[in-house]
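The values are calculated or read from the model by the stated rules, or taken from the named source; none is laboratory data. Model, not experiment: these values are computed from the prediction. Don't worry about glycine lacking a Cβ; one is built from the backbone with ideal geometry, like all the others, and counts go over all protein chains shown.
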Amino acid sequence: MTTATQKSIVQVDLERAARDRRIRLFNKSLDAVLTVVVYAVITFVFFTPMLWALTSSFRTVEGVFNNLVPVSWKTFWPTDFRVSNYLDALGLTSSQYLQVTPWARAFVAFWTKIGLHNGLEVNLGYNLGNNLWISLSSGVAVVLLSLIFNTSAAYFFGRLKFPGKSYILTYVLATMMVPQQIIMVPLFLVVKELGFINTWWALVLPWYASPFVTFGLTQFISDIPYELDEAAIMDGANLLQILFYVIVPMSVPGLVTMGLLEFQFIWNEFFWPLVATQNPKILPVQVAIASQFGQWSIPWGRVFASICLASVPVIVIFLALQNFYYENIALTGLKG
């Protein structure tokens, strides 16, 4: 083979390698562009309604609809900015002006002075702060009770061996398939006989046991190595001590994840509180927001302000515990 032929072969190989490198670079750039486009579309679809609800919470009722169509920058930026919707939602406007604390009166006076609040507005006893507290307290109580009872049940199904365990677990899971509307009447009768209708306990006790949480924790607990149980037994630990000192510490990501999902369920629950509670003082936040929809008029500014306030606790709790949530997802992906 002559030197010229060798050089031509080398040159062809270099050109082919350069072409392959350009193709890989193009494909990589195309993947990056498509990824950005897809993420941008998803962000736009999910974020736009939230942004509109947030900006609408600072508008008057007329401002909400006057700038709705055609869509422009005014649709997402309030030109009639006001904070009275939030003050009205929290019960800090004039009808309760003399009943609130001094710092609240000073707060209202400040916003009135700078022109962002109309001190002549009337609040007809609406106070979302109390409803937020009802939802928060009942949600935390349900999560605590749920984790106690459902973790015990999950330990029972996931670690102990006994005849017929699979049939009992199947029965528990079958209850997840029953629509809530079917059990609403018997559940109401049971709670009524216990004397809990129109009380805070009506929002808590029906949900202390959850087949969904039991199933989720069972899958997590069953993947913990059994050698840890055997080592604890050799050290003289009983089943209860194994649960609290071995299983629970290793199940923290799963417990937090199930707790977050259970809290979100209770926070968004609407049908059962609507049936079980008619006392305005113990209405959860979702029912309280729906109660603003009157026959003749709807205070849309206050409704959007209430929606934004109702979203804050769930967002804050998730952001505070998101590391445990993602850790549970990562561990789930590594199992099996």
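Take the range 38-89 and flag every residue that is hydrophobic (A, V, I, L, M, F, W, C), buried (at least 20 other Cβ atoms within 10 Å of the Cβ) and over 17 Å from Val312 (Cβ atoms). Result: Val64, single match.
Among the residues that make up the range 64-78, is at least one of them closer than 17 Å to Arg302 by Cβ, part of a loop (DSSP other than H, G, I, E, B) and either acidic (Asp, Glu) or within 29 Å of the chain's Cα centre (by Cα) (or both)? Please lay out each step first, then the result.
Restricting attention to the range 64-78, the residues satisfying the condition of being closer than 17 Å to Arg302 by Cβ are 64-65, 78.
Those still in the list that are part of a loop (DSSP other than H, G, I, E, B) too: 78.
Next, from what is left, pick out any that are either acidic (Asp, Glu) or within 29 Å of the chain's Cα centre (by Cα) (or both): 78.
Yes, the conditions are met somewhere in the range 64-78.
For the range 236-285, a tally of residues being part of a loop (DSSP other than H, G, I, E, B) and of a type in the set (S, T, N, Q) returns 5. Condition first: in a loop (DSSP other than H, G, I, E, B), in the same structural domain as Ser135 (by TED's automatic domain parsing) and at pLDDT below 90. Can you find one or more residues in the range 178-189 that meet it? Yes, because at least one residue in the range 178-189 is in a loop (DSSP other than H, G, I, E, B), in the same structural domain as Ser135 (by TED's automatic domain parsing) and at pLDDT below 90.
Restricting attention to the range 197-219, does a residue exist that is more than 30 Å from Gln278 (Cβ to Cβ) and among the β-branched types (Val, Ile, Thr)?
Within the range 197-219, one or more residues are more than 30 Å from Gln278 (Cβ to Cβ) and among the β-branched types (Val, Ile, Thr).
For the range 190-209: of the residues being among the β-branched types (Val, Ile, Thr) and assigned to a helix (DSSP H, G or I), which is nearest to Ser138 (Cα to Cα)? That would be Val191. Just to check your reading of the model, which residue among Gln322, Gln295 is assigned to a loop (DSSP other than H, G, I, E, B) and modelled with pLDDT under 90? Just one listed residue meets the conditions, Gln295. Among the numbered conditions (1) buried (at least 20 other Cβ atoms within 10 Å of the Cβ); (2) at pLDDT 85 or above, the only one that Thr175 does not meet is (1).
Please go through the range 178-213 and give me each residue that is on the phi > 0 side of the Ramachandran plot and either among the hydroxyl-bearing types (Ser, Thr, Tyr) or touching a residue at least 40 places away in the same chain (Cβ under 8 Å) (or both), ordered by number.
Within the range 178-213, the first condition is being on the phi > 0 side of the Ramachandran plot, and the residues that meet it are 195, 198.
The one that is on the phi > 0 side of the Ramachandran plot and either among the hydroxyl-bearing types (Ser, Thr, Tyr) or touching a residue at least 40 places away in the same chain (Cβ under 8 Å) (or both): Asn198.
Is there a residue being under 30 Å from Ile282 (Cβ atoms) and not in a helix (DSSP H, G or I) anywhere in the range 210-230? Yes. Evaluate the following for Val252: is it surrounded by fewer than 17 Cβ atoms within 10 Å (Cβ to Cβ), at pLDDT below 90 and among the β-branched types (Val, Ile, Thr)? Criteria met by Val252.
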